[in-house]
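Here's the structure, in structure tokens; my notes come after.
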Amino acid sequence: MNEEDALSALAALAHPTRLATFRLLVRHEPQGLVTGQLVEAMGLSQSTLSTHLAVLVKAGLVQSEKSGRNFIQRAQIDRLRALMLFLARDCCEGRADLCEPLFADLAVC
């Protein structure tokens with residue numbers, strides 16, 4: 001991941017609705033959620049959710065897949081991993097002592 005990709009992902013997640021949507025999709029991996037389920041769970045209109053999903057898709061954080069008459073929305077876990085690693089590597093500048101507590105906390109999750 002490069003700086004431009006990281007900024008795009010962070011900007012997409014900087015909105016409360018998009019962050020909540022992405023978090024919900026992460027919890028439903030790997031099966032994802034049908035768009036209608038996501039609309040219902042988020043309490044949004046179809047058009048409002050579509051606008052937010054478009055931003056997440058453009059940032060590479062969500063993928064929409066057609067399945068019959070439905071669209072399944074899935075969080076792109078590899079993209080999340082890349083963002084987290086980019087931040088950790090970039091911010092820690094290779095100093096394991098700075099990042100070790102972060103990785104230890106993640107291991108407990």
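Read-outs throughout are calculated quantities, based only on the coordinates presented, and are distinct from any laboratory measurement. Just so it is clear, the model here is predicted, and its values are computed rather than measured. Neighbour counts run over all protein chains shown; Cβ positions are idealised from the backbone, glycine included.
Determine the relative contact order of the chain: mean sequence separation of Cα pairs under 8 Å and six or more apart, normalised by residue count, in whole percent. Worked out over the chain, it gives 28 percent. When the chain is treated as a Gaussian network with alpha carbon springs shorter than 10 Å, the biggest mean-square fluctuation among Ala88, Ala96, Ala20 belongs to Ala96.
Efficiency by 1/(1 + (r/R0)^6): what FRET value for Ala88 and Arg27, r their Cβ-Cβ distance, R0 = 22 Å, to the nearest 0.05?
Details: r = 22 Å, r/R0 = 1.01.
Once rounded, the FRET efficiency stands at 0.50.
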